[in-house]
1. Taking residue 441 as meeting all but one of (1) under 18 Å from residue 412 (Cβ atoms); (2) surrounded by 19 or more Cβ atoms within 10 Å (Cβ to Cβ); (3) more than 21 Å from the chain's Cα centre (by Cα), write down the number of the exception.
2. Of all residues in region 554-570, which are of a type in the set (Lys, Arg) and over 16 Å from residue 589 (Cα atoms)?
3. Being modelled with pLDDT of 95 or more, in a strand (DSSP E or B) and within 13 Å of residue 164 (Cβ to Cβ), is that true of even one residue in region 40-50?
4. Please verify whether residue 212 is free of Cβ contacts under 8 Å to residues at least 40 places away in the same chain, crowded, with 24+ Cβ neighbours inside 10 Å and outside any loop (DSSP other than H, G, I, E, B), treating the condition exactly as stated.
5. How many of the residues making up region 375-428 are surrounded by fewer than 18 Cβ atoms within 10 Å (Cβ to Cβ) and on the phi > 0 side of the Ramachandran plot?
6. Check 508, 473 and return the single one that is modelled with pLDDT of 95 or more and either over 21 Å from the mean Cα position of the chain (by Cα) or farther than 25 Å from residue 218 by Cα (or both).
7. Could you tell me which residue of region 239-265 is nearest to residue 301 (Cα to Cα), considering only residues that are of a type outside the set (Ser, Thr, Tyr) and touching a Cys at 6+ places or on another chain (Cβ under 9 Å)?
8. Could you list, in sequence order, the residues of region 317-327 that are among the hydrophobic types (A, V, I, L, M, F, W, C) and either at pLDDT below 95 or surrounded by 15 or more Cβ atoms within 10 Å (Cβ to Cβ) (or both)?
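The values are calculated or read from the model by the stated rules, or taken from the named source; none is laboratory data. Only a predicted model underlies this, so the values are computations on that prediction, with no experimental measurement involved. Cβ sites come from the backbone with ideal geometry, for glycine too, and all protein chains shown count toward neighbours.
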Amino acid sequence: MIETIKKYCNSLTEYSRYKTREVCIGEVPLGGSNPIRIQSMTITDTMDTKATVEQTVRMVDAGCEYVRITAPSINEAKNLENIKNELRKRGYTVPLIADIHFTPNAAEVAARIVEKVRVNPGNYADKKKFESIDYSDESYEIELERIRKKFTPLVKICKEYGTAMRIGTNHGSLSDRVMSRYGDTPLGMVESAMEFVRICEELNYHEIVLSMKSSNPQVMVRAYRLLIQKMEAEGMNYPLHLGVTEAGGGEDGRIKSAVGIGTLLEDGIGDTIRVSLTEDPEFEVPVAISLVNRYKNRDDHDSIKPLDEIPIDPFIYKRRTSVAVSGIGGSNLPAVVADFSLRKIASYKDLKEIGYIYDEITDKWKMEDAAADIIYLGENTLPFACPSGLKIIYDYDYWQALRENDEGFPLLAKEQYLNGDKLSSKLNFLLLDLNSLTEDLIKKIKSDDKIVLIAETKNKHGMAEQRRFFFELIQMDIKNPVIIKRDYENISPDEFRIYSSIDFGALLIDGFGDGVWVGNNHFSDNNTTNNKYVKSFINTKESTQKIINRTLFGILQAARVRVSKTEYIACPSCGRTLFDLQETTEMIRKRTEHLKGLKIAVMGCIVNGPGEMADADYGYVGSGVDKITLYKEKEIVKRNVPASRAVNELIELIKADGKWLEEKKI
Ligand code: SF4
């Protein structure tokens, strides 16, 4: 099993960058020992030289090190020359990347102009018809030969002009050929790229970068891990470009990107990243910088007990088996803990921040979908009756004093647990870290079916230490539920959003965690960056508890382990988009955000949109000027609806399927 780990990263316990070969992209080399590079993509019309240049300038000023520009046809590919010349005239030497889908002829033009071209192996030589075809080995080989013929001219041009290339697989746009053979799987994504990489290698061309993007972080993480394993098996080490596609915008888009990208960065994987949001690209850049900066001084973390054997399969999602204790763990959804230990609850209104709304007229509590399950009060008490279903945790000594009321459950430190004889007969919480797992403790936990473990860490490489903790539990056959707890000091709410998404997200993606808990932190007021493109979604009047609660539910949703709201899969838009994608997504969100669990895709163009919208339930896809085509899963249900009516028609469609709910008035 240890061999498996070595193949997808250097170490699961010691932070270390996975070393790839260096690739030259203009004056900014990538991979090898170069820093993790930041990149993004323009959303202007590529034929609009002025707008594209100005957006590129803003992106570079925000910290972008490579700029990608779409080239849907030869005309746009040719215009890259004007864009490049104007940028150079203004003193901007940023390497440009042409983004190609379906059009080899545009790629062949662009490769002579810009520093890098991006091709999508799912559509470079194939048209998507969503057909399932049975291939024999022989007919598959004939298909590969067809691809070789179409792709070879571009490789030769890149070699001649010193142009780099990204072979960028998207989960949503695998070719019918790959889908037929490997399915809609991480393996299919990897093979889709490897077919093209092998052709490059045959032609002795190695200026390659690879990516495996998906809108689902679960899929994306596993595809990159598998890619590294496959590359190693074939003696390759090409640099990796990380990204979560169609992540949407706002807080959810940032959380989803941080969960996917951050999970890989934690293991030292990734040479360049793009955070793709449904916002102007300059606003993506500070998010990417914040992600990358987190690893700048990671090497000197406290040591973590090395690992001899990894007791999970890192290529398949499987939730760690735990035995339920009072509704926590087992098959229950991961619980969310709200920490009010340092803040006294004065009135029932305070619980609104964590999703509980008291109705004075009916004298009843109502719960939002994102309502916390457990509240930690430390040595505080609730000045009113607790909403039913909400569990209370008190510090052990305090709980003992309250015990007669039989309300709430105790939180114990290790010594209290080992020596204490007065415990709750139903549920107890035990605070632990990796180093506290001693033999006597393990023995006692194993025979205790009323204890939930709270895993905490003070290690700078905390996710890895907590993962190691989970590995240890599995190896010791300990099945008690575990709530992951993290504390953050002196960070802004925006940094908190990114850091917590990584720390919790990376563990949840590997099936770890029966709950999540952020300590009662005090956020610093200021962002530690002066970047004027930082977009904050934090309302300064919001309480810490509200921000934390919303973020934790967002992380659970992004990791696909607990759904509490509608999911939006929105492309970042690009020069192909013929409507205001940001405004439209916002409009759709406002009307549908109460449809918990529904996945709605908003895609800028009919060329790539339908393929890229992955597993969405409904798709709203631009199909011409002022024209929208509506999809139900992968099928067109209404073609070329005028944009002015399209949102209403989408809602009618959802209603006709019986999936519409009237908004809850809370
Ligand atoms: S789906 Fe969106 S980002 Fe992708 S090519 Fe179409 S418009 Fe551009």
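1. (2)
2. 560, 562
3. No; the residues of region 40-50 include none that is modelled with pLDDT of 95 or more, in a strand (DSSP E or B) and within 13 Å of residue 164 (Cβ to Cβ).
4. Against the criterion (free of Cβ contacts under 8 Å to residues at least 40 places away in the same chain, crowded, with 24+ Cβ neighbours inside 10 Å and outside any loop (DSSP other than H, G, I, E, B)), residue 212 does not qualify.
5. 3
6. Working: 508 fails: either over 21 Å from the mean Cα position of the chain (by Cα) or farther than 25 Å from residue 218 by Cα (or both).
None of the others qualify; the one that does is 473.
7. Filtering region 239-265 for residues that are of a type outside the set (Ser, Thr, Tyr) and touching a Cys at 6+ places or on another chain (Cβ under 9 Å), the one nearest to residue 301 (Cα to Cα) comes out as 264.
8. 324, 325
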